[in-house]
Amino acid sequence: MNIPGSPLALPEATSGRFAVKHQSYPPGHKFNIVSFRQAILTGTPQKDISFDHEVTVHALKEDGRSGQLMSDVPVELRQMREFAKGARGKVLIGGLGLGLVARLVAARKNVETVTVVEIEPDIINLVRDGMPAKVRVVQADLFKYLRSPRLTWGFDTAFFDTWYATSEMTWVDAVAPLRRIVRNRFGARRLRCWAEDEMLGQMVRALAYQSARPLEKMLWSPAHYAFRAATIWKYPAAEEVCRPNGPTVDDLRGMSEREQLFLTDAYFHDTAVTFLKQVGGRRWEKLFGQYWDAQVEHESKQRRLA
């Protein structure tokens, strides 16, 4: 039996470097609905589920990658369902994957059409059969699709999921740039990004923890550099000390205090919320845009010189 609630019934198959595989789990196997990591980063209580029968999970795999790109295990199914509940009208989805969210969204009565943008033709070959009539798949790079001068925003809801990791660097490299394109070109829109709450939990901690670092120590990321550059007047750099025997008790106390800035300092809280939640907005561009772009250009120049 498939995972209860999953609309997938895909056969095992391979196309190019991608494959749909089945994984069977015995009765009583414990699945996450909310993982421990998600609980820590989002504040949602950790939760598990098990079934009294064997279940089969669909997994999308890629040659050369350990693990899987996505599956319909309960923790991923929950996240896709949460978006599907809020979908309405004409829906744009970035990333096809197993077609899970496209099927869930198309099943909603208040959804008229679903446009899915997927860059990999082999993934399209694997999962498009049996797709609901509401769904149209476009083979394209999502960044290029959104930047196309011919595109007009005729969508009521959007959901992006073109990444595999859920780290803060995924937010820096994919989520924030995509949000910035949409906001700059089309204004504020109903847009959700898969696992963004996990990424933001990491970003908040990183921005707070690094709030006393010198600006030249922040060149490794456009996001971290931009936030530090915009707020260094408020939180001046402290002298960094590299201790041969590790941090002292006072060092650790200072780190802990910095990590609490989001909860205890009103200016830091408001600025961080703007930075993380209003990407591409007018205030965001005024505060952070120039610094972000400068660091992107710096990184590009370094790659050219390498």
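Here are some notes:
- Qualifying residue in the stretch 177-187 (condition: of a type outside the set (S, T, N, Q), touching a Cys at 6+ places or on another chain (Cβ under 6 Å) and either in the same structural domain as residue 280 (by TED's automatic domain parsing) or closer than 30 Å to residue 204 by Cα (or both)): no
- Matching residues in the stretch 179-198 - criterion: being part of a helix (DSSP H, G or I) and touching a residue at least 40 places away in the same chain (Cβ under 8 Å): 179, 180, 181, 182, 183, 184, 197, 198
- Taking the criterion of being among the hydrophobic types (A, V, I, L, M, F, W, C), assigned to a helix (DSSP H, G or I) and over 25 Å from residue 110 (Cβ atoms), the residues of the stretch 135-175 that qualify are 143, 169, 171, 172, 174, 175.
- Flag for residue 43 being closer than 21 Å to residue 200 by Cα, of a type outside the set (Ser, Thr, Tyr) and at pLDDT 95 or above: no
- Of all the listed residues (123, 119), the sole one being of a type in the set (Val, Ile, Thr), in the same structural domain as residue 177 (by TED's automatic domain parsing) and under 18 Å from the mean Cα position of the chain (by Cα) is 119.
- Number of positions in the stretch 222-239 that are under 26 Å from residue 302 (Cβ atoms) and either in contact (Cβ under 8 Å) with a residue 24 or more places away in the chain or in the same structural domain as residue 173 (by TED's automatic domain parsing) (or both): 10
- Within the stretch 155-172, residues that are within 11 Å of residue 93 (Cα to Cα) reach partners that are among the polar types (S, T, N, Q) with beta carbons closer than 8 Å, at six or more positions or on different chains, in the pairs 155/115.
- Contacts under 7 angstrom Cβ, first residue in the stretch 278-297 being at positive phi, partner part of a helix (DSSP H, G or I) and among the basic types (Lys, Arg), 6 or more apart: 280/179; 280/180; 280/183
- Hits in the stretch 18-52 (condition: surrounded by 13 or more Cβ atoms within 10 Å (Cβ to Cβ) and of a type in the set (D, E, K, R)): 21, 37, 47, 48
The values are calculated or read from the model by the stated rules, or taken from the named source; none is laboratory data. Bear in mind that the values here come from a model prediction, so they are computed numbers and not experimental data. A quick note on method: Cβ atoms are made from the backbone with ideal geometry, for glycine too, and the neighbour counts reach across all protein chains shown.
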